[in-house]
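Read through the structure below, which is laid out as C-alpha coordinates, and then see the notes.
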Amino acid sequence: MGHTVGMKSATIYDVASLAGVSHQTVTRYLQGFEGMRPHTRERVKSALEELDYRPNPAARMLRASRVNRIGALAHRLQESGPSRVLAGVAAQARRRGYTLDIATVEGDPESIEDALAVVLEHRLAGLILAGVSQTVIDAVSSRNIGMPWITDTGAIPSDQDASVNTVVGTLVAEHLLSLGHRRIGYVAGPALWQAAGERRDGFAAALGNAGLEVAWERVGDWSAGSGAAAWESLDPDERAVTAIAAANDSMALGVLSAATRSGKRVPDDLSVIGTDDTSEARFLTPPLTTVAMDFEAEGAYLLDRLLEQAHALPDHGGVSLRAPHVVVRDSTGPAPVV
(Lines give C-alpha, C1' and ligand atoms only; values in the text may rest on other atoms or scores of the structure.)
Protein backbone atom coordinates (compact mmCIF):
# COMPACT_ATOMS: atom_id res chain seq x y z
CA MET A 1 0.00 0.00 0.00
CA GLY A 2 1.26 3.45 -0.87
CA HIS A 3 2.05 6.14 1.69
CA THR A 4 -0.03 9.30 1.21
CA VAL A 5 1.19 12.76 2.19
CA GLY A 6 -1.46 14.78 0.33
CA MET A 7 -0.35 17.66 -1.85
CA LYS A 8 2.66 18.47 0.33
CA SER A 9 6.06 17.31 -0.93
CA ALA A 10 7.60 14.52 1.10
CA THR A 11 10.28 15.47 3.61
CA ILE A 12 13.12 13.43 5.03
CA TYR A 13 10.98 13.02 8.16
CA ASP A 14 8.28 11.34 6.06
CA VAL A 15 10.90 9.10 4.50
CA ALA A 16 12.34 8.26 7.93
CA SER A 17 8.89 7.39 9.28
CA LEU A 18 8.10 5.08 6.38
CA ALA A 19 11.53 3.40 6.48
CA GLY A 20 11.50 3.06 10.28
CA VAL A 21 14.80 4.90 10.72
CA SER A 22 15.94 8.27 12.06
CA HIS A 23 15.93 11.34 9.85
CA GLN A 24 19.71 11.53 10.33
CA THR A 25 20.00 8.09 8.72
CA VAL A 26 18.05 9.33 5.70
CA THR A 27 20.36 12.36 5.48
CA ARG A 28 23.42 10.13 5.59
CA TYR A 29 21.98 7.99 2.77
CA LEU A 30 21.36 11.08 0.64
CA GLN A 31 24.91 12.25 1.28
CA GLY A 32 26.27 8.99 -0.12
CA PHE A 33 27.45 7.52 3.20
CA GLU A 34 28.63 3.96 2.43
CA GLY A 35 28.99 2.59 5.95
CA MET A 36 25.27 1.86 6.34
CA ARG A 37 23.96 -1.65 6.91
CA PRO A 38 22.57 -3.16 3.67
CA HIS A 39 19.06 -3.79 5.01
CA THR A 40 18.87 -0.21 6.35
CA ARG A 41 20.04 1.17 3.01
CA GLU A 42 17.38 -0.85 1.18
CA ARG A 43 14.57 0.37 3.47
CA VAL A 44 15.59 4.00 2.94
CA LYS A 45 15.90 3.52 -0.82
CA SER A 46 12.45 1.94 -1.03
CA ALA A 47 10.86 4.71 1.05
CA LEU A 48 12.46 7.41 -1.11
CA GLU A 49 11.08 5.77 -4.25
CA GLU A 50 7.62 5.19 -2.81
CA LEU A 51 7.30 8.80 -1.66
CA ASP A 52 8.89 10.17 -4.83
CA TYR A 53 11.14 12.25 -2.59
CA ARG A 54 12.80 15.29 -4.18
CA PRO A 55 15.56 17.09 -2.25
CA ASN A 56 14.84 20.70 -1.33
CA PRO A 57 17.35 22.98 -3.14
CA ALA A 58 17.73 25.21 -0.09
CA ALA A 59 18.41 22.22 2.14
CA ARG A 60 20.92 20.93 -0.39
CA MET A 61 22.78 24.25 -0.28
CA LEU A 62 22.78 24.11 3.52
CA ARG A 63 24.26 20.64 3.50
CA ALA A 64 26.98 21.80 1.16
CA SER A 65 28.10 24.44 3.65
CA ARG A 66 31.14 24.03 5.88
CA VAL A 67 31.03 21.16 8.35
CA ASN A 68 32.16 22.30 11.80
CA ARG A 69 31.82 19.13 13.88
CA ILE A 70 34.50 16.63 14.87
CA GLY A 71 33.61 13.19 16.20
CA ALA A 72 35.54 11.15 18.77
CA LEU A 73 35.31 7.55 19.91
CA ALA A 74 36.82 7.15 23.37
CA HIS A 75 37.54 4.22 25.65
CA ARG A 76 38.34 4.28 29.38
CA LEU A 77 37.89 7.99 29.88
CA GLN A 78 38.58 7.42 33.57
CA GLU A 79 42.23 6.99 32.61
CA SER A 80 44.40 10.08 32.71
CA GLY A 81 45.84 9.80 29.21
CA PRO A 82 42.68 9.52 27.05
CA SER A 83 40.77 12.12 29.07
CA ARG A 84 43.60 14.66 28.87
CA VAL A 85 44.13 14.05 25.14
CA LEU A 86 40.43 14.70 24.50
CA ALA A 87 40.60 17.84 26.64
CA GLY A 88 43.35 19.05 24.31
CA VAL A 89 41.31 18.07 21.24
CA ALA A 90 38.26 19.94 22.55
CA ALA A 91 40.23 23.09 23.37
CA GLN A 92 41.91 23.15 19.95
CA ALA A 93 38.59 22.42 18.23
CA ARG A 94 37.09 25.51 19.88
CA ARG A 95 40.06 27.59 18.75
CA ARG A 96 39.57 26.33 15.19
CA GLY A 97 35.80 26.96 15.24
CA TYR A 98 34.69 23.34 15.62
CA THR A 99 32.60 21.44 18.14
CA LEU A 100 33.51 17.99 19.44
CA ASP A 101 31.04 15.10 19.73
CA ILE A 102 32.27 12.27 22.00
CA ALA A 103 30.87 8.74 22.15
CA THR A 104 32.32 6.15 24.52
CA VAL A 105 32.99 2.51 23.68
CA GLU A 106 33.53 -0.53 25.87
CA GLY A 107 35.52 -2.49 23.31
CA ASP A 108 32.88 -5.09 22.40
CA PRO A 109 31.42 -5.09 18.84
CA GLU A 110 27.94 -3.97 19.93
CA SER A 111 29.19 -0.93 21.85
CA ILE A 112 31.45 0.02 18.95
CA GLU A 113 28.54 -0.11 16.49
CA ASP A 114 26.36 1.91 18.88
CA ALA A 115 29.08 4.54 19.33
CA LEU A 116 29.65 4.83 15.59
CA ALA A 117 25.91 5.25 15.04
CA VAL A 118 25.85 8.08 17.59
CA VAL A 119 28.74 10.09 16.16
CA LEU A 120 27.73 9.48 12.55
CA GLU A 121 24.25 10.89 13.09
CA HIS A 122 25.78 14.24 12.15
CA ARG A 123 27.97 15.33 9.29
CA LEU A 124 31.52 15.37 10.56
CA ALA A 125 34.75 16.82 9.26
CA GLY A 126 36.61 13.85 10.71
CA LEU A 127 36.86 11.31 13.51
CA ILE A 128 39.41 10.86 16.31
CA LEU A 129 39.90 7.54 18.13
CA ALA A 130 41.17 8.14 21.66
CA GLY A 131 42.48 5.48 24.04
CA VAL A 132 40.95 2.71 21.96
CA SER A 133 41.92 -0.90 21.35
CA GLN A 134 42.87 -2.55 18.08
CA THR A 135 39.32 -3.96 17.99
CA VAL A 136 37.89 -0.45 17.65
CA ILE A 137 40.48 0.54 15.06
CA ASP A 138 39.70 -2.59 13.02
CA ALA A 139 35.97 -1.86 13.20
CA VAL A 140 36.44 1.66 11.83
CA SER A 141 38.96 0.48 9.22
CA SER A 142 36.53 -2.11 7.89
CA ARG A 143 33.87 0.50 7.14
CA ASN A 144 33.89 3.29 4.62
CA ILE A 145 32.85 6.08 6.95
CA GLY A 146 33.33 8.71 4.29
CA MET A 147 35.67 10.97 6.26
CA PRO A 148 39.28 11.10 7.47
CA TRP A 149 40.08 9.61 10.86
CA ILE A 150 43.10 9.43 13.12
CA THR A 151 44.13 7.59 16.30
CA ASP A 152 45.77 9.12 19.36
CA THR A 153 48.79 6.86 18.88
CA GLY A 154 49.85 8.65 15.73
CA ALA A 155 51.48 11.69 17.32
CA ILE A 156 55.23 12.20 16.77
CA PRO A 157 57.20 14.76 18.83
CA SER A 158 58.73 17.56 16.78
CA ASP A 159 62.31 16.43 17.54
CA GLN A 160 61.77 12.69 17.19
CA ASP A 161 61.24 10.10 14.46
CA ALA A 162 59.27 7.65 16.60
CA SER A 163 55.78 7.92 18.08
CA VAL A 164 55.22 9.42 21.52
CA ASN A 165 54.54 6.04 23.11
CA THR A 166 57.62 4.41 21.59
CA VAL A 167 59.72 7.27 22.96
CA VAL A 168 58.09 6.75 26.37
CA GLY A 169 59.14 3.10 26.49
CA THR A 170 62.67 4.01 25.44
CA LEU A 171 63.00 6.69 28.14
CA VAL A 172 61.80 4.31 30.87
CA ALA A 173 64.40 1.70 29.94
CA GLU A 174 67.21 4.23 29.56
CA HIS A 175 66.51 5.70 32.99
CA LEU A 176 66.76 2.30 34.67
CA LEU A 177 69.85 1.36 32.67
CA SER A 178 71.53 4.62 33.70
CA LEU A 179 71.07 3.54 37.34
CA GLY A 180 72.86 0.25 36.71
CA HIS A 181 69.81 -2.03 36.56
CA ARG A 182 70.29 -5.10 34.42
CA ARG A 183 67.52 -7.42 35.57
CA ILE A 184 64.25 -5.61 34.93
CA GLY A 185 60.64 -6.79 34.81
CA TYR A 186 57.85 -5.13 32.86
CA VAL A 187 54.09 -4.76 33.44
CA ALA A 188 52.50 -4.03 30.07
CA GLY A 189 49.11 -2.58 29.23
CA PRO A 190 46.39 -4.63 27.47
CA ALA A 191 47.67 -6.40 24.37
CA LEU A 192 45.02 -4.96 22.03
CA TRP A 193 45.93 -1.34 22.86
CA GLN A 194 48.29 0.25 20.36
CA ALA A 195 49.72 2.58 23.01
CA ALA A 196 50.56 -0.38 25.23
CA GLY A 197 52.30 -2.19 22.39
CA GLU A 198 54.34 0.84 21.40
CA ARG A 199 55.46 1.49 24.98
CA ARG A 200 56.45 -2.13 25.43
CA ASP A 201 58.29 -2.25 22.09
CA GLY A 202 60.24 0.93 22.85
CA PHE A 203 61.20 -0.46 26.26
CA ALA A 204 62.31 -3.85 24.92
CA ALA A 205 64.25 -2.28 22.05
CA ALA A 206 66.23 -0.04 24.42
CA LEU A 207 67.13 -3.04 26.59
CA GLY A 208 68.08 -4.94 23.45
CA ASN A 209 70.41 -2.13 22.41
CA ALA A 210 72.15 -2.58 25.77
CA GLY A 211 72.50 -6.33 25.18
CA LEU A 212 69.71 -7.22 27.62
CA GLU A 213 66.27 -8.81 27.54
CA VAL A 214 63.18 -8.14 29.63
CA ALA A 215 63.49 -10.49 32.64
CA TRP A 216 59.76 -11.19 32.59
CA GLU A 217 56.57 -9.57 31.42
CA ARG A 218 53.06 -9.48 32.86
CA VAL A 219 50.02 -7.91 31.19
CA GLY A 220 47.70 -5.66 33.18
CA ASP A 221 44.52 -3.73 32.40
CA TRP A 222 45.85 -0.25 33.33
CA SER A 223 44.47 -0.55 36.89
CA ALA A 224 46.40 -0.51 40.18
CA GLY A 225 44.80 -3.86 41.00
CA SER A 226 46.36 -5.46 37.94
CA GLY A 227 49.76 -4.06 38.91
CA ALA A 228 49.45 -5.62 42.36
CA ALA A 229 48.30 -8.88 40.79
CA ALA A 230 51.36 -8.85 38.52
CA TRP A 231 53.68 -8.71 41.54
CA GLU A 232 51.73 -11.37 43.41
CA SER A 233 51.99 -13.72 40.41
CA LEU A 234 55.80 -13.70 40.46
CA ASP A 235 57.80 -16.63 41.79
CA PRO A 236 60.78 -15.97 44.11
CA ASP A 237 63.29 -15.92 41.27
CA GLU A 238 61.21 -13.42 39.29
CA ARG A 239 60.94 -11.20 42.37
CA ALA A 240 64.74 -11.00 42.41
CA VAL A 241 64.69 -8.32 39.70
CA THR A 242 66.16 -5.00 40.80
CA ALA A 243 63.65 -2.83 38.91
CA ILE A 244 60.12 -3.00 37.50
CA ALA A 245 58.68 -0.69 34.87
CA ALA A 246 54.93 -0.33 34.36
CA ALA A 247 53.16 1.03 31.29
CA ASN A 248 51.20 3.54 33.36
CA ASP A 249 51.25 5.07 36.84
CA SER A 250 48.24 3.16 38.16
CA MET A 251 49.86 -0.22 37.53
CA ALA A 252 53.15 1.08 38.96
CA LEU A 253 51.26 2.06 42.11
CA GLY A 254 49.90 -1.48 42.39
CA VAL A 255 53.39 -2.96 41.98
CA LEU A 256 54.87 -0.55 44.53
CA SER A 257 52.17 -1.30 47.10
CA ALA A 258 52.27 -5.10 46.71
CA ALA A 259 56.06 -5.25 46.67
CA THR A 260 56.27 -3.14 49.83
CA ARG A 261 53.77 -5.38 51.62
CA SER A 262 55.91 -8.40 50.73
CA GLY A 263 58.93 -6.84 52.41
CA LYS A 264 60.69 -5.10 49.53
CA ARG A 265 62.13 -1.66 50.22
CA VAL A 266 61.60 0.82 47.42
CA PRO A 267 64.02 1.93 46.02
CA ASP A 268 66.74 0.23 48.12
CA ASP A 269 65.76 -3.31 47.06
CA LEU A 270 63.55 -2.55 44.07
CA SER A 271 63.12 0.47 41.79
CA VAL A 272 59.65 1.13 40.33
CA ILE A 273 58.86 3.50 37.46
CA GLY A 274 55.54 4.36 35.82
CA THR A 275 54.30 6.43 32.89
CA ASP A 276 51.92 9.42 32.46
CA ASP A 277 52.89 11.55 35.50
CA THR A 278 49.39 11.55 36.96
CA SER A 279 48.57 14.20 39.54
CA GLU A 280 48.77 11.61 42.34
CA ALA A 281 52.22 10.25 41.42
CA ARG A 282 54.20 12.75 43.48
CA PHE A 283 52.10 12.06 46.60
CA LEU A 284 52.79 8.31 46.76
CA THR A 285 55.14 6.80 49.33
CA PRO A 286 57.75 6.97 48.01
CA PRO A 287 56.91 9.52 45.30
CA LEU A 288 56.77 7.78 41.94
CA THR A 289 59.36 8.26 39.21
CA THR A 290 57.47 8.45 35.92
CA VAL A 291 57.46 9.83 32.38
CA ALA A 292 55.57 13.08 31.78
CA MET A 293 53.68 13.52 28.52
CA ASP A 294 52.05 16.65 27.14
CA PHE A 295 48.64 15.07 26.56
CA GLU A 296 46.82 18.36 26.00
CA ALA A 297 49.30 19.43 23.30
CA GLU A 298 48.99 15.95 21.80
CA GLY A 299 45.23 16.50 21.50
CA ALA A 300 45.76 19.86 19.77
CA TYR A 301 48.32 18.24 17.44
CA LEU A 302 45.91 15.43 16.52
CA LEU A 303 43.05 17.84 15.85
CA ASP A 304 45.16 19.88 13.45
CA ARG A 305 46.46 16.77 11.69
CA LEU A 306 42.88 15.60 11.22
CA LEU A 307 41.84 18.96 9.77
CA GLU A 308 44.78 18.76 7.38
CA GLN A 309 43.49 15.42 6.13
CA ALA A 310 40.03 16.94 5.76
CA HIS A 311 41.55 19.82 3.74
CA ALA A 312 40.13 22.22 6.32
CA LEU A 313 43.55 23.48 7.43
CA PRO A 314 46.34 24.41 5.03
CA ASP A 315 49.16 23.26 7.28
CA HIS A 316 49.90 21.96 10.75
CA GLY A 317 49.00 25.28 12.32
CA GLY A 318 52.27 25.58 14.19
CA VAL A 319 51.34 23.10 16.95
CA SER A 320 54.58 21.74 18.37
CA LEU A 321 54.50 18.49 20.30
CA ARG A 322 57.18 18.30 22.99
CA ALA A 323 58.93 15.02 23.62
CA PRO A 324 58.12 13.11 26.83
CA HIS A 325 60.63 13.37 29.67
CA VAL A 326 61.47 11.42 32.82
CA VAL A 327 60.40 12.95 36.14
CA VAL A 328 62.82 11.49 38.68
CA ARG A 329 61.42 10.96 42.17
CA ASP A 330 62.21 8.64 45.06
CA SER A 331 60.86 5.32 43.73
CA THR A 332 63.96 4.68 41.61
CA GLY A 333 67.58 4.50 42.68
CA PRO A 334 70.87 2.76 41.91
CA ALA A 335 70.74 -0.98 41.39
CA PRO A 336 71.55 -2.81 44.66
CA VAL A 337 74.87 -4.59 44.83
CA VAL A 338 74.33 -8.37 44.86
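The values are calculated or read from the model by the stated rules, or taken from the named source; none is laboratory data. Quantities reported herein were computed from a predicted structural model and do not represent experimental measurements. Because the Cβ atoms are built from the backbone with ideal geometry, glycine has one as well, and the counts that use them run over all protein chains shown.
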*For segment 221-242, which residues satisfy the criterion of being more than 22 Å from A191 (Cα to Cα) and either in contact (Cβ under 8 Å) with a residue 12 or more places away in the chain or in a helix (DSSP H, G or I) (or both)?*
R239, A240, V241, T242
*Give the residues of segment 281-299 that are among the β-branched types (V, I, T) and touching a Leu at 6+ places or on another chain (Cβ under 9 Å), sorted by residue number.*
T285, V291
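Does segment 118-133 include one or more residues that are exposed (fewer than 14 other Cβ atoms within 10 Å of the Cβ) and either in contact with a Gly (Cβ under 8 Å, 6 or more places away or on another chain) or among the small types (G, A, S) (or both)?
No; the residues of segment 118-133 include none that is exposed (fewer than 14 other Cβ atoms within 10 Å of the Cβ) and either in contact with a Gly (Cβ under 8 Å, 6 or more places away or on another chain) or among the small types (G, A, S) (or both).
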_Test: residue in segment 113-125 that is in the same structural domain as Y301 (by TED's automatic domain parsing), among the β-branched types (V, I, T) and without any contact (Cβ under 8 Å) to a residue 24 or more places away in the chain_ = yes
*Can you tell which of A258, A252, A243 is of a type in the set (A, V, I, L, M), more than 20 Å from S163 (Cα to Cα), surrounded by fewer than 24 Cβ atoms within 10 Å (Cβ to Cβ) and in the same structural domain as R182 (by TED's automatic domain parsing)?*
A258
_For segment 255-273, which positions are in contact (Cβ under 8 Å) with a residue 40 or more places away in the chain and in contact with a strand residue (DSSP E or B) (Cβ under 8 Å, 6 or more places away or on another chain)?_
V255, L256, V266, S271, V272, I273
*Among what's in segment 69-79 and is crowded, with 21+ Cβ neighbours inside 10 Å and farther than 19 Å from Q134 by Cβ, pick the residue that is nearest to the chain's Cα centre (by Cα).*
G71
*Looking at this structure, is P82 more than 24 Å from L30 (Cα to Cα), modelled with pLDDT under 85, assigned to a helix (DSSP H, G or I) and under 18 Å from the mean Cα position of the chain (by Cα)?*
yes
*segment 239-283: number of residues that are modelled with pLDDT under 95 and out of contact with any Ser or Thr (no Cβ under 6 Å at 6 or more places or on another chain)*: 2
*asked:* Being modelled with pLDDT under 95 and either buried (at least 16 other Cβ atoms within 10 Å of the Cβ) or not small (G, A, S) (or both) is the filter here; which residues of segment 311-335 pass it?
replied: H311, A312, L313, P314, D315, H316, G317, V319, L321, R322, A323, P324
*Would segment 274-293 turn up any residue that is part of a loop (DSSP other than H, G, I, E, B) and acidic (D, E)?*
yes
